[in-house]
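Report on one structure; see the data block that follows.
The values are calculated or read from the model by the stated rules, or taken from the named source; none is laboratory data. All values derive from a computational prediction rather than experimental measurement. Glycine gets a Cβ as well: all are built from the backbone with ideal geometry, and neighbour counts include every protein chain shown. Protein only, heavy atoms only, side chains kept; ligands, DNA and RNA dropped before computing areas. Shrake-Rupley method; radii C 1.70, N 1.55, O 1.52, S 1.80 Å.
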Amino acid sequence: MFGGQVIPPSKSPHLRKSDKEEGNVEMEGLLHSTGSNDLKIASLPITTAAIMPSPILLWRFKVLLFFLWGFICCKIGWDSVMRMSVNLRDLFLYEAFLYYNPLLLVTMMVWLWGVNLWVFAQSTISYAKIFDLDQNHLTHREIWKVATWMTIIVPTSMTAYLYLYSHGEVSLAASQPVLLYCAVSLVLIFPFDIFYLSSRYYLLRTLWRIVFPLQAITFADFFVADILTSMSKVFSDLERSVCRMVHRQVATIAWFEADSVCGSHSIGIPIALVLPYIFRLFQCLRQYKDTKEKTTLFNALKYSTAVPVIFLSALKYHVLLDSWTNFYRPLWLLSGVINSLYSFYWDVTRDWDLSCFTRIFKYNKPSLCSYLLHGRKWVYFWVIGSNFILRLAWTYKLSAHLRHNYLTVFTITALEMIRRFQWVFFRVENEWNKMSSKSNLQLSEISSEEDKLLAPNDHNV
């Protein structure tokens, strides 16, 4: 996600000759090529560049193929769903949606992260320095390339699942999500130097540091952990999907029973929802141990407020209806309001710095995007207002007893990722401002010390 490929040094003594040998070879090659090129130019009536299509034409052809592929997938998927009976159609879509919506949401997040990197590349913010990346880190173009492949592979697998199931090939249909999940896992842990090995290693190492915060917390550690809290619904659906794959309930009706191992009343659902917040809570405690800053304890308190929202919601299926209506449901609503307001307050006053919004949309070159966004008050009103509304709506997603409205939950989860996408801009800018102020302060201290050393002293001889 952040890293890059390792390129062997071109100046290695094993790969280069000495300067004198190189000079002799270059002179001989120049004299030889001068005589031979005169004979070859006449025999080359057309060059390779003239045969190759232009990059713009090639790009348009790829876009045309992409939209054609999307239309074919939509057409096959729609026809497959319409073949099924009305009674099973909604349940079938709910199951198919469960397997594929986690990867679809991850794909959406990768696209949005590419947009974040594109804006950072245009502005004066050095995100590579903030995340401590090497010079070969992935750019927004490479991130978008990964997102494009994910956009192609995930819907293709989903279309195959719908088609095979509707045509009676149940066993083949059940294998589609299993193969997809196995392929994604293998790509992430593949040990060979293909498909951005160093970037995959960087991501896996960061995830390991998030799960086991046994070392000092870096900005990349808690930055990724914050993004994972916005994807807690993804982890919940992944848990249910893997559970059904392990128990061989894919493309069956065994999981329709709510009290089954992988049913909607499973205790694994709230546990998967709460894990990202627990990880972030432990990170805050680790930061307090290292820095003794009290603000980290208040930040830990913020993440702890998500725990009652999740588990009070899950209690609906394990207590009497009267107890839920008269006691637990009001507590759930109260805890949801506290979590939303506390998180909103922290976003605006701590994660962001409203007095320093001067860099993020100030691009190095003049552009329409910079003109519309840089220094505009409506941008800040929009970000603060949308952040407040989506923070309140986020409680709906954290509630296990509301997950049967899968389309609504998917929409709210997608909106939460857009909220996090906006949050990234100003959180990274705030960190860059802090780093710049520290470096300027250090430079001023060094210059003042030099002035003191160079200042003339009056001595009486």
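A few remarks follow.
- Flag for TRP332 being touching a Lys or Arg at 6+ places or on another chain (Cβ under 8 Å), modelled with pLDDT of 85 or more, within 23 Å of ILE278 (Cα to Cα) and surrounded by 13 or more Cβ atoms within 10 Å (Cβ to Cβ): no
- Criterion applied to LEU186, LEU164, LEU138 was being open to solvent by less than 30 Å² (accessible area, probe 1.4 Å) and at pLDDT 85 or above, and the one residue passing it is LEU138.
- Contacts under 7 angstrom Cβ, first residue in the stretch 330-353 being closer than 21 Å to THR295 by Cα, partner at pLDDT 90 or above and not in a helix (DSSP H, G or I), 6 or more apart: ILE338/THR305; ASN339/THR305; TYR342/THR305
- One residue from LYS362, LYS292 being open to solvent by 50 Å² or more (accessible area, probe 1.4 Å), more than 22 Å from VAL234 (Cα to Cα) and at pLDDT below 85: LYS362
- When GLN249 is tested against the conditions (1) buried (at least 17 other Cβ atoms within 10 Å of the Cβ); (2) within 24 Å of MET109 (Cα to Cα), the lone failure is (2).
- Looking only at residues in the stretch 123-135 that are touching a residue at least 24 places away in the same chain (Cβ under 8 Å) and assigned to a helix (DSSP H, G or I), the one that is surrounded by the fewest Cβ atoms within 10 Å (Cβ to Cβ) is LYS129.
- Residue in the stretch 69-100 that is least open to solvent (accessible area, probe 1.4 Å), counting only those that are more than 14 Å from ALA251 (Cβ to Cβ) and in a loop (DSSP other than H, G, I, E, B): SER85
- Filter pass, SER323 being at pLDDT below 90 and open to solvent by less than 20 Å² (accessible area, probe 1.4 Å): no
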